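**Q** Encoded as structure tokens, here's the structure I'll be asking about.
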């Protein structure tokens, strides 16, 4: 069976470092970018920032609630973060690529879905693309606010993420 790859991409007017730190900080920041109408919970079981973090989360899609337990890896530190569901092996990737103009960054979220019939895969692809677009919009909003606070010096200690000033 051919796999489906739901994908969404957004160019955001924020440096890659800020975006990556928001995505990788599962204890304090990542939950801010999750569309609450689909994500019911996010709990950190181990770690909390980047590679080695173990998370549990629940999603409701089309009236069905599903729970996931995922391990976070960073195949390309500061560029590619992957959440792999331990039970199914399905991986969701966050790819962060600086664009050479005006400090923009291209962020892509994608998941490779395998082993589903055509109709189920197509519906899942459409739903996940919608969710990823919402997630990217929230990421842009949170990141732009952080970048503005960082520029104006109003980022207090509780809002800093590890490596935020590296």
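**Q** Specify, per residue and in Å³, the volume enclosed by the convex hull of the alpha carbon atoms belonging to the range 4-89. Kindly include the intermediate steps, with their values, before the conclusion.
**A** Values: hull volume 10.3 nm³, N = 86.
Considering the Cα atoms of the range 4-89, their hull volume per residue is 119 Å³.
**Q** Nearest 500 deg cm²/dmol is fine: what mean residue ellipticity at 222 nm does the chain get from its DSSP H runs of n ≥ 4 alone, each adding -39,500 (n - 2.57), divided by its residue count?
**A** Values: 2 runs with 44 residues, N = 166.
Per the formula, -9000 deg cm²/dmol.
**Q** Please compute the Cα-Cα pair-distance distribution of the range 13-58 with 5 Å bins starting at 0, giving whole percents from short to long.
**A** Going out from 0 Å in 5 Å bins, the range 13-58 shows 5, 22, 29, 24, 14, 7, 0 percent.
**Q** So for the chain, what percent of the C-alpha to C-alpha distances run longer than 20 Å?
**A** Numbers: 6891 of 13695 pairs.
Beyond 20 Å sits 50 percent of the P(r) for the chain.
**Q** Helix 118-152 sits at what angle to the longest principal axis of the chain, using alpha carbons and giving 0 to 90 degrees rounded to 10?
**A** Its long axis makes an angle of about 10 degrees.
**Q** When only alpha-carbon atoms are used, what values of Rg and Dmax, in angstrom, describe the range 41-119?
**A** 14.6, 43
**Q** Let me ask something additional. If the label point is 7 Å along Cα→Cβ of residue 56, which residues in the range 26-48 have backbone nitrogen under 19 Å from it?
**A** Flagged as within label range: 26-28, 30-31, 39-48.
**Q** So how do 135-145, 92-102 stack up, highest first, on mean other-Cβ count within 10 Å? Kindly include the intermediate steps, with their values, before the conclusion.
**A** Values: 135-145: 18.4, 92-102: 14.5.
For the peptides 135-145, 92-102, the packing ranking is 135-145, 92-102.
**Q** Across all directions of projection, what mean area in square nanometres is found for the Cα convex hull of the range 37-86? Walk me through the numbers on the way to the answer.
**A** On the way: hull surface 15.4 nm².
That works out to 3.8 nm², a quarter of the Cα hull's surface.
Bear in mind these aren't lab numbers, they're just calculated from the coordinates by the rules spelled out. The model shown is predicted, which means the values in this text are computed figures rather than measured ones. Please note: Cβ atoms are built from the backbone with ideal geometry, for glycine as well, and neighbour counts cover all protein chains shown.
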